[in-house]
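Below: the structure, in structure tokens.
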Amino acid sequence: MTQSKSNTREKRSGRGTRRMSERDKARAAWIAEKLRDARMVVADVAHHSDHLVKLSCKVLLQHGENEEEREDARILLTIIEAKSMYGRGRGADS
């Protein structure tokens, strides 16, 4: 009887583990897709809005594959934010 109980537990934990790995795979695929999109936006900054570039930089900062990619995104984000704050978009009265 104890053996059947342990088999049931293994089956249950097996199902739980399988669900979690499927969820992790789906999350990893979603993040990979968002990283690809963010890289495409950053690669063509001139043709995208500042808002979209900022969002893409934040995605790369959070999920970038290496330190160089994250640092480049941080620098670009700083530039875009400074441009938004001090550059165009402000009226003559500001």
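Here is the figure for the range 18-60: residues that are among the β-branched types (V, I, T) and either in contact with a strand residue (DSSP E or B) (Cβ under 9 Å, 6 or more places away or on another chain) or farther than 16 Å from D72 by Cα (or both) total 1. Only a single item in (1) surrounded by 11 or more Cβ atoms within 10 Å (Cβ to Cβ); (2) at pLDDT below 95; (3) among the polar types (S, T, N, Q) is not met by T8, and it is number (1). Is it the case, given these coordinates, that R70 is modelled with pLDDT under 95, among the charged types (D, E, K, R) and out of contact with any Cys (no Cβ under 6 Å at 6 or more places or on another chain)? No, not satisfied.
Yes/no matrix, rows are residues, columns are (1) at pLDDT 95 or above; (2) at positive phi; (3) out of contact with any His (no Cβ under 8 Å at 6 or more places or on another chain); (4) surrounded by 13 or more Cβ atoms within 10 Å (Cβ to Cβ):
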{"position": "K25", "(1), (2), (3), (4)": "no, no, yes, no"}
{"position": "R39", "(1), (2), (3), (4)": "yes, no, yes, yes"}
{"position": "L55", "(1), (2), (3), (4)": "yes, no, yes, yes"}
{"position": "I75", "(1), (2), (3), (4)": "yes, no, yes, no"}
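Beta carbons closer than 8 Å, at least 6 apart along the sequence or on distinct chains, never pair a first residue in the range 73-87 that is in contact (Cβ under 8 Å) with a residue 60 or more places away in the chain and among the hydrophobic types (A, V, I, L, M, F, W, C) with a second that is surrounded by 14 or more Cβ atoms within 10 Å (Cβ to Cβ) and assigned to a helix (DSSP H, G or I).
Restricted to the range 44-66, and to residues that are part of a loop (DSSP other than H, G, I, E, B) and among the polar types (S, T, N, Q), which residue is nearest to W30 (Cα to Cα)? Across the range 44-66, the extreme among qualifying residues is N66. Just one of the listed residues (E69, E81) is out of contact with any Gly (no Cβ under 8 Å at 6 or more places or on another chain), crowded, with 16+ Cβ neighbours inside 10 Å and assigned to a helix (DSSP H, G or I), and it is E69.
The values are calculated or read from the model by the stated rules, or taken from the named source; none is laboratory data. Everything numeric here is computed off the predicted structure, so don't read it as measured data. Reconstructed Cβ throughout: ideal geometry from the backbone, glycine too, with neighbour counts over all protein chains shown.
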